[in-house]
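J.: Starting off with a structure, shown below.
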Amino acid sequence: MSQTVAVLGTGKIGEALLSGMIRAGWRPADLLVTARRSERAEELRTRYGVEPVTNAQAAKSADTLILAVKPQDMGTLLDELAPHLTPDRLVISAAAGITTAFIEERLDAHTPVVRVMPNTPVLVDEGMSVISAGGDATPEHLAHTEEIFGSVGKTLRVPESQQDACTALSGSGPAYFYFLVEAMTDAGILLGLPRAQAHDLIVQAAIGAAVMLRDSGEHPVKLREAVTSPAGTTISAIRELEKHGVRAALIAALEAARDRSRELATGNG
């Protein structure tokens, strides 16, 4: 871990990645950060012992640059970095919808670029980061990217053509579960439970179900059928979900998220 890594844009995701790297063994002396506000920069220096720098300084000094800015800010950032970057740097983008081609066109020829779509559970080291190589990224670049993002969860390599679908499923995925928990909590209140009690019941059910999905190796249909006894309570609920088109609504929702990711790639922020 002797390389210098710069995190450009230290919002929630950027800071989570920074803290995860330090817990995984990166030395703060090998980490640089950029922030728009000087008080934010000093906060990061105090909290993590890292060095705040300008974007230009990061481009000149870091071996790896992680661009953790909003998609609509990417073009401006790349224009700022381009005069200072050389092709021996690795550029990692963590901005939704931004393609490696978009970045490569704005930098020196043959600059290696890797695209990553993390999700917010990186904040608790349970993230999923989907990784795709640009035209000049090598297996070594991908392995280095996995090392970085593996400090805050799991990683998965996919062809870049699948990134928009992964954004819809994984990048936005936690929000769908929060939405479901919110709706189920309201249902619990309607059924006569206090909000806090309903929340605790649902959250633990979600955690248990997730662990069973991860660890049992069983198909979700088989796990669902194990809960669904003939003429029981669960099948009555499943019938209502199907009657109201919940499955079709989820599919349509993910298609909409994928399409929005494609729009972001064209600059329609």
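The values are calculated or read from the model by the stated rules, or taken from the named source; none is laboratory data. Bear in mind that the values here come from a model prediction, so they are computed numbers and not experimental data. Note that we place each Cβ from the backbone using ideal geometry, even for glycine, and neighbour counts take in every protein chain shown. These area figures cover heavy atoms from the full protein model, side chains too; ligands, DNA and RNA do not enter into them. Shrake-Rupley method; radii C 1.70, N 1.55, O 1.52, S 1.80 Å.
J.: Quick check: anything in the range 7-17 at pLDDT 95 or above, closer than 20 Å to VAL116 by Cβ and in contact with a strand residue (DSSP E or B) (Cβ under 9 Å, 6 or more places away or on another chain)?
T.: Yes.
J.: Considering only the range 31-51, how many residues are under 16 Å from VAL69 (Cα atoms) and not in a loop (DSSP other than H, G, I, E, B)?
T.: Qualifying residue count, the range 31-51: 5.
J.: Here's a follow-up. Within the range 205-244, which residues are assigned to a helix (DSSP H, G or I), of a type outside the set (D, E, K, R) and open to solvent by 70 Å² or more (accessible area, probe 1.4 Å)?
T.: ILE207, MET212, LEU213, PRO220, ALA226, VAL227, THR233, LEU241
J.: Next question, about the same structure. Take the residues in the range 192-204 that are open to solvent by 60 Å² or more (accessible area, probe 1.4 Å) and within 24 Å of GLU126 (Cβ to Cβ); name whichever of them is farthest from the chain's Cα centre (by Cα).
T.: Out of the qualifying residues, it is ALA196.
J.: A further question on this structure: Only residues that are within 18 Å of THR64 (Cβ to Cβ) and among the charged types (D, E, K, R): list them for the range 107-138, please.
T.: Once the filter is applied, which keeps residues that are within 18 Å of THR64 (Cβ to Cβ) and among the charged types (D, E, K, R), the range 107-138 yields ASP108, ARG115, ASP136.
J.: Just to verify a result, which residue in the range 62-76, among those that are over 20 Å from the mean Cα position of the chain (by Cα) and either closer than 19 Å to LEU32 by Cα or not assigned by the TED database to the domain that holds HIS144 (or both), is least open to solvent (accessible area, probe 1.4 Å)?
T.: Checked the range 62-76; the qualifying residue least open to solvent (accessible area, probe 1.4 Å) is ALA62.
J.: While we're here: Which residue pairs have Cβ atoms under 7 Å apart, sit 6 or more places apart or on different chains, and have a first residue in the range 128-156 that is in contact (Cβ under 8 Å) with a residue 12 or more places away in the chain and part of a loop (DSSP other than H, G, I, E, B) and a second that is acidic (Asp, Glu) and open to solvent by 20 Å² or more (accessible area, probe 1.4 Å)?
T.: Pairs found: GLY134/GLU104; GLY135/GLU104.
J.: Restricting attention to the range 130-158, report how many residues are among the hydroxyl-bearing types (Ser, Thr, Tyr), under 20 Å from ASP30 (Cβ atoms) and modelled with pLDDT of 95 or more.
T.: 1
J.: Check off (1) in contact (Cβ under 8 Å) with a residue 12 or more places away in the chain; (2) part of a helix (DSSP H, G or I); (3) not β-branched (Val, Ile, Thr) for PRO87 and give me the number that stays unchecked.
T.: Checking PRO87 against (1) in contact (Cβ under 8 Å) with a residue 12 or more places away in the chain; (2) part of a helix (DSSP H, G or I); (3) not β-branched (Val, Ile, Thr), the one that fails is (2).
J.: Tell me which residues, restricted to the range 78-134, are open to solvent by less than 10 Å² (accessible area, probe 1.4 Å), under 10 Å from the mean Cα position of the chain (by Cα) and polar (S, T, N, Q).
T.: SER129
J.: Write out, first by first residue and then by second, each pair whose Cβ atoms fall under 8 Å of each other, whose residues are 6+ apart or on separate chains, and whose first residue, in the range 97-118, is free of Cβ contacts under 8 Å to residues at least 24 places away in the same chain while the second is in a loop (DSSP other than H, G, I, E, B).
T.: ALA109/PRO87
J.: Looking at (1) assigned to a helix (DSSP H, G or I); (2) open to solvent by less than 90 Å² (accessible area, probe 1.4 Å); (3) at pLDDT 95 or above, which one does THR167 not meet, given that it meets all the others?
T.: (3)
J.: Any idea which of (1) touching a strand residue (DSSP E or B) at 6+ places or on another chain (Cβ under 8 Å); (2) closer than 18 Å to GLY11 by Cα is the one GLN72 doesn't satisfy?
T.: Just one mismatch for GLN72, condition (1).
J.: Given the condition of a type in the set (Phe, Trp, Tyr), open to solvent by 30 Å² or more (accessible area, probe 1.4 Å) and either under 18 Å from LEU8 (Cα atoms) or not assigned by the TED database to the domain that holds GLY11 (or both), answer yes or no: does some residue in the range 47-56 qualify?
T.: Yes, the conditions are met somewhere in the range 47-56.
J.: Now a separate question. From (1) over 30 Å from ARG262 (Cβ atoms); (2) surrounded by fewer than 15 Cβ atoms within 10 Å (Cβ to Cβ), pick out the condition that doesn't hold for THR185.
T.: Result: THR185 fails condition (2) only.
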